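Each reported figure results from applying straightforward, stated rules to the coordinates on display, with no laboratory input. Remember, predicted model here, so these are calculated numbers, not experimental data. For neighbour counting, all protein chains shown are included, and Cβ atoms are generated from backbone atoms with ideal geometry for every residue, glycine included.
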Amino acid sequence: MTTPDTKTSRNDILFARAQQSTPGGVNSPVRAFRSVGGTPRFITRAEGPYFWDADGKRYIDYIGSWGPAIVGHAHPQVVKAVQEAAARGLSFGAPTEGEIEIAEEICRLVPSIEQVRLVSSGTEATMSALRLARGATGRDKIVKFEGCYHGHADSLLVKAGSGLLTFGNPTSAGVPEDFVKHTLVLDYNNVAQLEDAFESMGDTIACVIVEAVAGNMNLIRATPEFLQRMRELCTEYGAILIFDEVMSGFRVGLGGAQALYGITPDLTALGKVIGGGMPVAAFGGRADLMHKMAPIGPVYQAGTLSGNPVAVAAGMTTLKLVQQPGFYEQLSGQADKLVKGLTAAAREAGVAFCADSVGGMFGMYFSASIPGSYSEMMAGDKERFNRFFHGMLDEGVYFAPAMFEAGFVSSTHDDAIVDATIEAARKVFARIG
Ligand code: HOZ
């Protein structure tokens, strides 16, 4: 490894240093830029739609902390709420009124959630929802879909098995095959395959977990028929339907993907926006199911920092801000303007590119048409995406550093910001065309 003295960029120096004490120099793999190559930017501060790296370079940020920064970075009201809560104490390990308030707000805004339990990460939320589904049904098998990511719990780090209805294989070392032998991985948006799975083993399926708007294989929309049939099959066979709305919750619209599609899941996992940039996540749903959670039921789950008062203050303030009149119209309008502008700029340069958005989430695809499944998304031109990513980075625009990730706008991405992004893209498409 090059020694720090020979480096001129502070990002390079920090990256070299970080790799000495932390695996790969990062605390979450995608941040290491392995997919796109080059040096990750070390962020020193953020405000509104911007953040600044360790060299003092400013970027228009389109990851927004992977979704939470929906009202822009360091929103004054969120910061004030955090400061005030911190001054009262950082963590008590005992209940607070703030936890009741945010639980009531979540139940009010997402009608399928009659009761909710707060946790600290999306992984905890989905993992606990799965345990609850298994505990409530007394069944072991779970169904997930290729390309949907639900955090890094053992039984969810699975890719499809060799045959249509064979159980999956671990996608991470350290996950025993025994732990994934109950996880069936099916194709996203494939109704026939889902029907086959229920026909052959429906009585043994505890739950189906799905990102109704997928955001971890880039942005991919579920078709309404796919979700509708999933709901019907779960009801018919007594399986629990879990919507993983960690990313889509309060992001694609106020009631999440379930409001958009008009489908009522039994359980929902939330995260990201409900913490407003602090570690808050949650799972909730039908009261009869939630009553199976400890301390009143047999399904165990706990956490020292669950419902942390400082994090809850950030989340609650953010949930209030997104309810301002016209919030989602403005957010989705800007995402729509962005994807249309990028698409037009690519067309001018003759680059095969398309883009899509749902609420404040968007996807960019270096392919001729918008993908509807993991395999279609994987067929995109990764090499061209990487050149686009680095070109945009040079122009001061930060997109997710991997082709397989969704993008996010905030309410501070106004016309001037979006226009500047499209102008930068025009130059970059011309260079990589
Ligand atoms: N879970 C994110 C990728 N889909 C990455 C989160 C992070 O690195 O902060």
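Would you mind ranking Val418, Val119, Val82 by Cβ crowding within 10 Å, fewest neighbours first?
Exposure proxy ranking, most exposed first: Val82, Val418, Val119.
How far apart, in nm, are two points set 7 Å out from the Cα along the Cα-to-Cβ line at Thr304 and at Asp415?
In this crude spin-label approximation the distance works out to 5.1 nm.
To make sure I understand, if each residue's beta carbon is the centre and we count other beta carbons within 10 Å, what order do Glu211, Glu146, Glu383 fall in, fewest to most? Can you show the working numbers first?
On the way: Glu211 25, Glu146 18, Glu383 11.
With the sparsest Cβ surroundings first, the list reads Glu383, Glu146, Glu211.
Please give the calculated 222 nm ellipticity per residue for the chain, where each DSSP H segment of at least 4 residues contributes -39500 (n - 2.57) and the sum is spread over every residue; nearest 500 deg cm²/dmol?
For the chain, the value works out to -12000 deg cm²/dmol.
How high is the FRET efficiency between Asp381 and Arg88 when r is their beta carbon distance and R₀ equals 56 Å, given to the nearest 0.05?
Step by step, r from the Cβ atoms, then E = 0.60.
Mind pulling the angle between the C-alpha long axis of helix 415-432 and the longest principal axis of the chain? Nearest 10 degrees, somewhere in 0 to 90.
70 degrees
Using Cβ counts within 10 Å as a stand-in for footprinting exposure, how do Tyr374, Tyr261 rank, fewest first?
Tyr261, Tyr374
Measuring from label point to label point, each 7 Å out along Cα→Cβ, what is the Glu225 to Thr264 span in nm?
Distance between the two pseudo-spin positions: 2.5 nm.
Does the stretch 112-234 come out rounded, prolate or oblate, given a ≥ b ≥ c as the square roots of the eigenvalues of its C-alpha gyration tensor, rounded meaning a/c under 1.5 and, failing that, prolate meaning a/b above b/c?
On the way: a/c = 1.20, a/b = 1.06, b/c = 1.13.
Note, shape of the stretch 112-234 comes out rounded.
Anything over 25 Å Cα to Cα? Flag those among Lys272/Lys427; Lys272/Lys320; Lys159/Lys340; Lys159/Lys292; Lys141/Lys292, in the order listed.
Those over the limit are Lys272/Lys427; Lys159/Lys340; Lys159/Lys292.
Packing-wise, with mean Cβ within 10 Å as the measure, how do 15-21, 225-231 rank, highest first? Walk me through the intermediate numbers first.
Values: 15-21: 14.6, 225-231: 18.4.
Highest-to-lowest ranking by the protection proxy: 225-231, 15-21.
Calculate the spin-label point distance for His291 paired with Thr22, positioning each point 7 Å from the Cα along the beta-carbon direction, and give it in nanometres.
Taking the two extended label points, one gets 4.5 nm.
Report the Cα centroid-to-centroid distance between the stretch 377-418 and the stretch 273-317 in angstrom, as an integer.
32 Å
Can you tell me the Rg and the Dmax, both Å, for the Cα atoms in the stretch 306-391?
17.4, 52
Can you tell me how the stretch 209-328 classifies by the Cα gyration tensor, rounded, prolate or oblate, using a/c under 1.5 as the rounded cut?
Oblate, since a/c reaches 1.5 and b/c is not below a/b.
Which percent, to the nearest 5, of DSSP beta bridges fully inside the chain are antiparallel?
60 percent
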